[in-house]
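A.B. asks: Here it is, the structure in full.
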Amino acid sequence: MSYLVKGERGDWEAVVGLEVHAQIVSNAKLFSGAATQFGAAPNTQVSLVDAAMPGMLPVLNGHCVAQAVRTGLGLKAKINTRSVFERKNYFYPDLPHGYQISQYSQPIVGEGAVLLDMADGSTRTIGIERLHMEQDAGKSLHDQDPGRTLIDLNRAGVALMEIVSKPDIRSPEEAGLYLRKLRSILRYLGTCDGNMEEGSMRADVNVSVRKAGEAFRTRCEIKNVNSVRFVMQSIEVEARRQIEVYESGGTVDQETRLFDPGRGETRSMRSKEHAHDYRYFPDPDLLPLKLKPDYVARIKDTLPELPDEKKDRFVRDYGLSPYDAGVLVVDRASADFFETVAKGRDSKLAANWVMGDLFGALNSTGKTIETSPVSAKHLGELIDLIADGTLSGRLAKDVFALMVGEGKAPSLLVDEKGLKQVTDTGAIEAVIDQVMGANADKVAEYRSGKDKLFGFFVGQVMKASQGKANPGLVNDLLKSKLAG
Amino acid sequence: MSLDKATVRKIAYLARIRVPDDALDGLARELNHIIGWVEQLNEVDTTGVEPMASVVDITLPKRADEVSDGGIAGEVLKNAPEPVVAPGADGGFFAVPKVVE
Amino acid sequence: MTALTGLSIAAVRDGLAERDFTALELAREHLRSIEKARHLNAFITETPEIALARAKESDARRAKGKALGPMDGVPIAIKDLFCTASVPTTAGSHILDGFTPTYESTVTAKLKAAGAVMLGKTNMDEFAMGSSNMTSYHGPVKNPWRPEGREKRDKDLVPGGSSGGSAAAVAAGLAPAAIGTDTGGSIRQPASFCGIVGMKPTYGRCSRWGIVAFASSLDQAGPFARSVEDTAILLAAMAGHDPKDSTSAPVAVPDFRAALKKSAKGLKVGIPKEYTMDGMPAAIDALWKRGVAWMQAQGAECREVSLPHTAYALPTYYIVAPAEASSNLARYDGVRFGLRVDEGGTLDEMYAATRGEGFGAEVRRRVLIGTYVLSAGYYDAYYLKAQKVRALIAEDFRKAFEAVDVLLTPTAPSAAFAIGDKMDDPVAMYLNDVFTVPASLAGLPAISLPAGLDADGLPLGLHLIAKPFDEETLFRAAAALEEACSFDAHPPGFGGSP
């Protein structure tokens, strides 16, 4: 189903491309040895090279190159064995050199693709145009001082990958799916932590609209959107804005805009009267980057199983639905957790426990898979206790709640709290007799046709047995005893 | 290709160099003279010639991914015309006239 | 009058070893001559405390039998383009007012580690852009040579540029040696104007780390001295791979001095025919021919070669160098160091005012030319075109070097001219580098040595160019030529003489 915005005079299609800036996971910066960690005191992670002091020179961090190649391979993209670092020249206080070292005409990675798992079960391919490496800029603080802007260069020079999609995205939903899939892939690869709140992944959103079948119209770029939700909202808001412009007879100017989530609108950036002319040219302090084929091959050998492949395998080998498999593989940690639980056990049961109870518990306790109070091993053991009859499903839920609270192994908790389920028919019969005896009037009512009272008896038996009676047995035995 | 006053003004802005209005004509003349002189390169046939990619015939060296620098906020800020450092604080800022985004 | 200020590095080395004098005495004498020669304006910053401290350290080492090598205790002058820790560094510009680096350039750090004694930072054309030292914010430098003709004697002459201060200091005997940088001829041309030896090594031979950048693909540090042997000694202490400079070549530093001992017998010298230019002064042409004869007398074989794209070297350089400079100089913006001109306006206004006031006219011109040739719509026609012609120029040299080992040309198209000349036309000034620029574009090692005097008694240099990383052959040829020309003239006042 395509996303169409209803204008006053017909339906419009949104055309969206995303440029994602992903901070490369590395200890040091792209061209200097300063650290990259988030949150340090201002200008304490700055080398003289980052500060553009006179006479300073860049030296390329080899690990960042490997991370970019790794990412390109993960995006099924072409690796360019010859790429060039170029200077992008402009003035801004958080750009101390007056230029950013980037890649323009010859990026390290070419065309690739990202698969979206649509809600209806279909897949849609979004093309990747290119990926290149570049330096991040520092930070300008405009609100610390009334008359001054303060500059912190800690971030200046940190390695970024700019991942440019083709304008294949057609709806806010697709944009959201694209970003989530991209983030998932980057996290699997270990090349970017995808943390949009901390700014290690940011998106520039290119939006234009058109009537179905038309050629592309002018696009606007919404810069630095830092959450998936805002990306989706900004697309909707901007598409509508452009449609209004067209429908009132105007033309859309190509410009850079900012998304204001508070007001739910995009605003033109009130800057430069003149258009930027970046005067790209190859950085003469560096040489062309040449990669040997076996360098790329060695990296390819170390790629982990990626989300799409893992999802397909989960469907195939564990019989999961594509939806369930899709949910489990978003995070490698979740996928690994599931597999540990599912190994040698009923995979559907494992999937339900992980996706339902475990994810629910993580949500309510504010924890992640990595900091889960219940380990995969223990959850697996819990499932074993159900399978061997020690616990009923209901009891297992009680034990699980205790596991969340105390972090102990299920068998330990069962022993400590005496939570084994009762399967002794004799014992259950005894409880049933007791309940029936204490509720003779209700027995009579049931026998005279009030079937609904069955639930009452079940509840009483369970209560009398502190929930430990095997529900299946309770059902069978109650039925036969009540039948008389 | 001749530079007029408007082009010189635009280039001076790109380069962030203030040129007083009354100096634009003289500057345009000088720049035109230089550009006119370098344009003799058009006489050279460069079909099929690759632009020089590097003067020195070596491969691009790479560094290990180690933190070997930084932690020198004092040095970095030492020559700043307007450093902003709170007493006892770790690190500090450069300051410039307020930028409106 | 002292004999200590006229010594070569080799003689200083020997004299210190023989205990004829101490490094401290040497330093003091040189500091005194610098004081007396202040009218030359060769120094922007004199560093007497550092000089005396380092001289004392040198003597202390020597007393313990731990002398470092041939440069230990040798006084040198440093072009103010090298960042020197805790010593103001100006690059000859107003925009670096107050800038005191907290770091030391690799080349000067190596010289310090070799025991050299820094006398001070020498004057230079602003940001190394010039061939006369007249664009310096700190005033022009006077060439210690004066023309002999009666009417001309009162004229002050330029020392050449951009390393004018270093060249003048060595020529006047204020230091046995100095270091400079050469981007299009900025060591070789002033060496020629000042009657001394000046050399630009292969691009990548010396580290650029800590040298204020002008044109990254052309800049190279190099030595000035009064003999080819001294130049080799100094270069050996400066050169070497630096992992902090990605364009620094990971090649070993050969024994340059050993190369000096080889004779020129069998050496093949190429004479590029395109270097014979219209309007070439007769004296220069005559000297060049004498140079050919001298090399032949030394056993070398001279033959004509062709470097067909020679005439396009200067315009190529004046596109590539300003383009790189326009980007390298963008960091001079008043934010983190140097001059800031804040008139209470916006940030853009602060940038424009700072750079408008902080840069001199020649720098402003070149930054604007550079910005223009990189700008949208012009990149292909100018910058890309120039880089292609540059590739052709390099190929010309490569082909020529298949047949010969070294090339011989004049260094400059004239002797030193008067301060104030050639200021009306930037292009006229650019033509000073016509013979030196091609080797810069191709990254080749080249040297200028004084070979004769013109009719006014002013020095003229001859220029040798060799293959990449073949400084050994260059020194071998230069030593032979030096021996043949037996140039022993000095400017008035040299070594304390009247």
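Table: residues versus (1) facing chain B (nearest Cβ under 8 Å); (2) farther than 26 Å from C:ARG331 by Cα.
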{"position": "A:ALA14", "(1), (2)": "no, yes"}
{"position": "A:HIS21", "(1), (2)": "no, no"}
{"position": "A:ALA35", "(1), (2)": "yes, no"}
{"position": "A:GLN45", "(1), (2)": "yes, no"}
{"position": "A:ALA51", "(1), (2)": "yes, no"}
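A.B. asks: Another question, if that's okay. Out of the residues in segment C:423-477 that are touching a Ser or Thr at 6+ places or on another chain (Cβ under 7 Å) and at pLDDT below 95, which is nearest to C:VAL389 (Cα to Cα)?
C.D. replies: Among residues in segment C:423-477 that are touching a Ser or Thr at 6+ places or on another chain (Cβ under 7 Å) and at pLDDT below 95, the one nearest to C:VAL389 (Cα to Cα) is C:ASP433.
A.B. asks: Okay, next question. State whether one or more residues within segment C:290-298 are touching a residue at least 40 places away in the same chain (Cβ under 8 Å), within 30 Å of B:ASN79 (Cα to Cα) and in contact with a Gly (Cβ under 8 Å, 6 or more places away or on another chain).
C.D. replies: Going through segment C:290-298, the residues touching a residue at least 40 places away in the same chain (Cβ under 8 Å) turn out to be C:290-292, C:294-295, C:297-298.
Of the ones still in play, those that are also within 30 Å of B:ASN79 (Cα to Cα) are none.
The answer is no; no qualifying residue exists.
A.B. asks: How many residues does segment A:425-443 contain that are of a type in the set (A, V, I, L, M, F, W, C) and crowded, with 17+ Cβ neighbours inside 10 Å? Before the answer, list the steps.
C.D. replies: To start, the set of residues in segment A:425-443 that are of a type in the set (A, V, I, L, M, F, W, C) comprises A:427-428, A:430-432, A:435-436, A:438, A:440, A:443.
This time we only want the ones that are crowded, with 17+ Cβ neighbours inside 10 Å, so: A:428, A:431-432, A:435-436, A:443.
Count: 6.
A.B. asks: List pairs: first residue in segment C:28-42 and within 13 Å of C:GLY173 (Cβ to Cβ), second residue in a helix (DSSP H, G or I) and among the hydroxyl-bearing types (Ser, Thr, Tyr) anywhere in the structure, Cβ distance under 9 angstrom, at least six positions apart or on different chains.
C.D. replies: From residues that are within 13 Å of C:GLY173 (Cβ to Cβ), the pairs are C:GLU29/C:THR5; C:HIS30/C:THR5; C:ARG32/C:THR5; C:SER33/C:THR5; C:ALA42/C:SER166.
A.B. asks: Quick check on this structure: which one of A:THR266, A:THR251 is assigned by TED's automatic domain parsing to the domain that holds A:TYR90, free of Cβ contacts under 8 Å to residues at least 40 places away in the same chain and of a type in the set (Ser, Thr, Tyr)?
C.D. replies: The conditions single out A:THR251.
A.B. asks: Would you mind stating whether C:ALA237 is at pLDDT 95 or above, more than 14 Å from chain A (Cβ to nearest Cβ) and in contact with a Phe, Trp or Tyr (Cβ under 8 Å, 6 or more places away or on another chain)?
C.D. replies: Working: at pLDDT 95 or above: yes; more than 14 Å from chain A (Cβ to nearest Cβ): yes; in contact with a Phe, Trp or Tyr (Cβ under 8 Å, 6 or more places away or on another chain): no.
When the stated conditions are applied, C:ALA237 does not pass them.
A.B. asks: From the residues in segment C:71-95 that are farther than 27 Å from C:ILE233 by Cα and buried (at least 24 other Cβ atoms within 10 Å of the Cβ), which one is farthest from the other protein chains (Cβ to nearest Cβ)?
C.D. replies: C:GLY92
A.B. asks: For C:ALA213, all conditions in the list (1) free of Cβ contacts under 8 Å to residues at least 12 places away in the same chain; (2) within 19 Å of C:GLY185 (Cβ to Cβ); (3) surrounded by 20 or more Cβ atoms within 10 Å (Cβ to Cβ) hold save one; what is the number of the exception?
C.D. replies: Answer for C:ALA213: the failing condition is (1).
A.B. asks: Might you let me know whether segment C:337-358 holds any residue that is modelled with pLDDT of 95 or more, buried (at least 20 other Cβ atoms within 10 Å of the Cβ) and more than 24 Å from B:ALA23 (Cβ to Cβ)?
C.D. replies: Yes, that holds for at least one residue.
A.B. asks: Further, regarding this structure: For the condition hydrophobic (A, V, I, L, M, F, W, C) and under 24 Å from A:MET56 (Cβ atoms), what is the one hit in C:VAL389, C:VAL367, C:VAL373, C:VAL305? Reasoning before the result, please.
C.D. replies: Values: C:VAL389 fails: under 24 Å from A:MET56 (Cβ atoms); C:VAL373 fails: under 24 Å from A:MET56 (Cβ atoms); C:VAL305 fails: under 24 Å from A:MET56 (Cβ atoms).
Criteria check complete, one pass: C:VAL367.
A.B. asks: Where in segment A:215-334 are the strands (runs of 3 or more DSSP E), entirely inside, with at least 1 residues that are surrounded by 12 or more Cβ atoms within 10 Å (Cβ to Cβ), among the aliphatic types (A, V, I, L, M) and away from chain C (no Cβ under 14 Å)?
C.D. replies: Once the strands (runs of 3 or more DSSP E) in segment A:215-334 are filtered for at least 1 residues that are surrounded by 12 or more Cβ atoms within 10 Å (Cβ to Cβ), among the aliphatic types (A, V, I, L, M) and away from chain C (no Cβ under 14 Å), what remains is A:220-225, A:256-260.
A.B. asks: Could you tell me whether A:GLY147 is under 30 Å from A:ASP324 (Cα atoms) and surrounded by fewer than 20 Cβ atoms within 10 Å (Cβ to Cβ)?
C.D. replies: no
A.B. asks: Still on this structure: Does segment C:399-420 contain any residue that is within 12 Å of another protein chain (Cβ to nearest Cβ) and surrounded by fewer than 20 Cβ atoms within 10 Å (Cβ to Cβ)?
C.D. replies: No, there is no match, as no residue in segment C:399-420 is within 12 Å of another protein chain (Cβ to nearest Cβ) and surrounded by fewer than 20 Cβ atoms within 10 Å (Cβ to Cβ).
A.B. asks: A follow-up question, please. Residues A:SER392, A:SER465, A:SER411: which one is outside the structural domain of A:ASP336 (by TED's automatic domain parsing) and among the polar types (S, T, N, Q)?
C.D. replies: Numbers: A:SER392 fails: outside the structural domain of A:ASP336 (by TED's automatic domain parsing); A:SER411 fails: outside the structural domain of A:ASP336 (by TED's automatic domain parsing).
Answer to the check: A:SER465.
A.B. asks: Moving to a separate point now. Can you tell me how many residues in segment A:151-171 are more than 14 Å from chain B (Cβ to nearest Cβ) and surrounded by 22 or more Cβ atoms within 10 Å (Cβ to Cβ)? Give the derivation first.
C.D. replies: So in segment A:151-171, the residues more than 14 Å from chain B (Cβ to nearest Cβ) come out as A:160-171.
Add one more test, that the residue is surrounded by 22 or more Cβ atoms within 10 Å (Cβ to Cβ), and what stays is A:160-161, A:163, A:165, A:169.
Counting residues in segment A:151-171 that are more than 14 Å from chain B (Cβ to nearest Cβ) and surrounded by 22 or more Cβ atoms within 10 Å (Cβ to Cβ) gives 5.
A.B. asks: Now for a different question. With A:GLU265, A:GLU221 as the choices, which residue is within 30 Å of A:ALA159 (Cα to Cα) and either at pLDDT 95 or above or out of contact with any His (no Cβ under 8 Å at 6 or more places or on another chain) (or both)?
C.D. replies: A:GLU221
A.B. asks: For segment C:303-343, which residues satisfy the criterion of being hydrophobic (A, V, I, L, M, F, W, C) and within 7 Å of another protein chain (Cβ to nearest Cβ)?
C.D. replies: Those that are hydrophobic (A, V, I, L, M, F, W, C) and within 7 Å of another protein chain (Cβ to nearest Cβ): C:ILE319, C:ALA323, C:ALA330, C:VAL335, C:PHE337.
A.B. asks: Select from segment A:133-165 the residues that are among the basic types (Lys, Arg) and either in contact with a helix residue (DSSP H, G or I) (Cβ under 7 Å, 6 or more places away or on another chain) or under 29 Å from A:LEU286 (Cβ atoms) (or both) and list them in ascending order.
C.D. replies: Result: A:LYS139, A:ARG155.
A.B. asks: Can you tell me how many residues within segment B:60-81 are within 26 Å of the chain's Cα centre (by Cα) and at the interface with another protein chain (Cβ under 7 Å from one of its Cβ atoms)?
C.D. replies: Adding up the residues that qualify gives 14.
A.B. asks: Check whether at least one residue in segment C:314-334 is of a type in the set (A, V, I, L, M), over 29 Å from C:ALA381 (Cβ atoms) and crowded, with 24+ Cβ neighbours inside 10 Å, and report yes or no.
C.D. replies: For segment C:314-334, residues of a type in the set (A, V, I, L, M), over 29 Å from C:ALA381 (Cβ atoms) and crowded, with 24+ Cβ neighbours inside 10 Å: absent.
A.B. asks: Being more than 7 Å from every other protein chain (Cβ to nearest Cβ) and assigned to a loop (DSSP other than H, G, I, E, B) is the filter here; which residues of segment B:35-56 pass it?
C.D. replies: The answer is B:ASP45, B:THR47, B:GLY48.
A.B. asks: What pairs come out if I take residues in segment C:97-121 that are more than 18 Å from A:MET56 (Cα to Cα) and pair them with residues that are modelled with pLDDT under 95 and polar (S, T, N, Q) whose C-beta lies under 9 Å away, six or more apart or interchain?
C.D. replies: Cβ pairs passing all conditions: none.
A.B. asks: Then there is this: I'm trying to understand the selection: among the residues of segment A:132-150, which are touching a Phe, Trp or Tyr at 6+ places or on another chain (Cβ under 8 Å), in a loop (DSSP other than H, G, I, E, B) and away from chain B (no Cβ under 14 Å)?
C.D. replies: Passing the criteria: none in range.
A.B. asks: Another one. Go through segment A:25-131 and tell me which strands (runs of 3 or more DSSP E), entirely inside it, have 2 or more residues that are touching a helix residue (DSSP H, G or I) at 6+ places or on another chain (Cβ under 9 Å) and hydrophobic (A, V, I, L, M, F, W, C).
C.D. replies: Details: elements: A:86-89, A:99-102, A:112-117.
Ranges flagged: A:112-117.
A.B. asks: With respect to B:GLY88, is the statement that it is outside any strand (DSSP E or B) and more than 7 Å from every other protein chain (Cβ to nearest Cβ) true?
C.D. replies: yes
The values are calculated or read from the model by the stated rules, or taken from the named source; none is laboratory data. Note that the structure is predicted; figures quoted are calculated from it, not measured. Don't worry about glycine lacking a Cβ; one is built from the backbone with ideal geometry, like all the others, and counts go over all protein chains shown.
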